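Undergrad: One structure, as structure tokens, below. Some questions next.
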Amino acid sequence: MIGRVGRKGISLVSELGELTLFSASSLGSLFLQRHYFEKLVRSIYEIGVRCIPITLIVGLFTGLVLGLQLYYVLTKFSSESLLGQAVALSIIMEIGPVFTAIMIVGQAGSALSAEIGIQRNAEQIDALKTMRINPLAFLVSPRLYAALICFPILTAMFDIVGIFGGHLTGVSMLGVDEGAYWNRIYESVSITNVRDGFLKALTFGLLTTSICAFQGYFTHTKASIPGARGVSQTTTRAVVLSSIAILASDYLLTSFLLEK
């Protein structure tokens, strides 16, 4: 049993090292190919533009529910005027970056892992190497840089829509004073809160995109089943691992940022 646990631990550390090297090599290889700007724009469309609708919808309903729940909690302490502050800080610092990252992973991350996995099984990646084209620069680098651009922007959209959702519930439906709602947001939300939220978004973007691309790129060695079922297996694993990475890194970042 001890030996089994040790082997699992060594395997985990080894895979983390492979993922780190994979991400570093991908980030450093974007400018090694021609027409990288066109590929970057296409990746921004796939990761950013196509995820806008789901981000806005989830942000709206998150704000609606959060406004409703926090209102009934605050009424127990006769502090309904703090609703704007509670909604804004909760969304900007925690819920916005986490939910946005999970939504992007569910839509764009799974598609990225499946696409690269299919290319691996079809030997297209081997063909790129044969033509002396760097596969990481061609397939992974544009997605990583696009994630670093799109995650903060989509998080900002989520935050804005979520705050308006809280306003719709608290002010329009439950009768909280509108001036008190916006004034509390203005007084309590600082540039530090926004910066911390964007820092989390950047971290989640780098982590999740690296994990999804890594699982797809090495689907021939990571999957226990060959062929299409192997791609399905690695895609599922990519989404699960990315979700865990989001929550784990969110805890670590929150602990570090609150201590400052």
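Values quoted throughout were computed directly from the atomic coordinates according to the rules given, and no laboratory measurement underlies them. No experiment lies behind these values; they were computed from the predicted model shown. Don't worry about glycine lacking a Cβ; one is built from the backbone with ideal geometry, like all the others, and counts go over all protein chains shown.
Undergrad: Rank the residues Glu15, Glu187, Glu80 as a footprinting-exposure proxy: fewest other Cβ atoms within 10 Å of their Cβ go first.
TA: With the fewest neighbours first, Glu15, Glu187, Glu80 line up as Glu187, Glu15, Glu80.
Undergrad: OK, next. If you add up the charges near Ile92, with Lys and Arg at +1 and Asp and Glu at -1, over every other residue whose beta carbon is less than 11 angstrom from its beta carbon, what do you get?
TA: Net charge in that neighbourhood comes out at -1.
Undergrad: Turning to a different aspect of this structure: Pick from Leu19, Leu128, Leu66: which is most flexible by mean-square fluctuation in a GNM of the chain where alpha carbon atoms under 10 Å apart are linked?
TA: Leu128
Undergrad: Another question about this same structure. Between Thr236 and Glu94, take the C-beta separation as r, use R0 = 41 Å, and let me know the FRET efficiency to the nearest 0.05.
TA: 0.95
Undergrad: A further question on this structure: Quick check on the exposure proxy: order Thr254, Thr203, Thr221 from fewest to most C-beta atoms within 10 angstrom.
TA: Lowest count first: Thr221, Thr254, Thr203.
Undergrad: Using a cut-off of 18 Å between alpha-carbon atoms, which aspartates and glutamates can reach Lys76, once sequence neighbours fewer than 8 places away in the same chain are excluded?
TA: Asp177
Undergrad: Can you return the lysines within cross-link range of Lys200? Criterion is Cα-Cα under 22 Å, with same-chain partners fewer than 8 residues away left out.
TA: Lys260
Undergrad: So which lysines can Lys8 reach, going by Cα to Cα under 20 Å and dropping same-chain residues fewer than 8 places off?
TA: Within reach: Lys222.
Undergrad: Under a point spin-label approximation (7 Å from Cα along Cα-to-Cβ), what is the Glu18-Arg34 distance to one decimal in nm?
TA: Between Glu18 and Arg34, the simple spin-label model gives 3.3 nm.
Undergrad: I've got another one for you. Sort Phe158, Phe22 by Cβ crowding within 10 Å, fewest neighbours at the top.
TA: By the 10 Å Cβ count, ascending: Phe22, Phe158.
Undergrad: Near Asp250, within a Cβ-to-Cβ distance under 13 Å, what is the net charge of the other residues, with Lys and Arg +1 and Asp and Glu -1?
TA: On the way: positive: Lys200; negative: Glu94, Asp196.
Spelling it out: positives minus negatives among the neighbours equals -1.
Undergrad: Let me ask something additional. If each residue of separation counts as 0.36 nm, what is the full-extension length gain between Leu68 and Thr221 once their alpha-carbon separation is subtracted?
TA: Roughly 50.3 nm would be gained on extension.
Undergrad: For region 33-259, treating each Cα as an identical point scatterer without solvent, what Debye log10 I(q)/I(0) comes out at q = 0.10, 0.14, 0.17 1/Å?
TA: Values returned for q = 0.10, 0.14, 0.17 Å⁻¹ are -0.52, -0.86, -1.10.
Undergrad: Related question: If I stretch the segment between Ser11 and Leu168 completely, what's the gain in nm (0.36 nm per residue apart, minus their alpha carbon distance), one decimal?
TA: Gain on stretching Ser11 to Leu168: 51.6 nm.
Undergrad: What is region 3-81 by shape, rounded, prolate or oblate, if you read a ≥ b ≥ c off the alpha carbon gyration tensor as root eigenvalues and call it rounded for a/c under 1.5, prolate for a/b larger than b/c, and oblate otherwise? Kindly include the intermediate steps, with their values, before the conclusion.
TA: Details: a/c = 4.08, a/b = 1.47, b/c = 2.78.
Verdict is oblate for region 3-81.
Undergrad: To continue, here is another question. At 0.36 nm per residue, and after removing the present C-alpha to C-alpha distance, how many nm does the segment from Ser25 to Arg195 gain when stretched out fully?
TA: Length difference between fully extended and current span is 58.5 nm.
Undergrad: List every DSSP H helix in the chain whose Cα atoms extend 18 Å or more along the helix's own long axis and whose mean Kyte-Doolittle hydropathy is at least -0.5. Don't jump to the answer; show the numbers that get you there.
TA: Values: long enough: 2-27 (38 Å, 0.57); 52-75 (34 Å, 1.85); 141-167 (40 Å, 1.24); 191-217 (38 Å, 0.66); 228-259 (46 Å, 0.82).
Sorted by number, the helices that extend far enough and score high enough are 2-27, 52-75, 141-167, 191-217, 228-259.
Undergrad: Under 10 Å, Cα contacts only: if you run a Gaussian network model on the chain, which one of Leu174, Leu139, Leu30 comes out with the highest mean-square fluctuation?
TA: Taking springs between Cα atoms under 10 Å, the residue moving most is Leu174.
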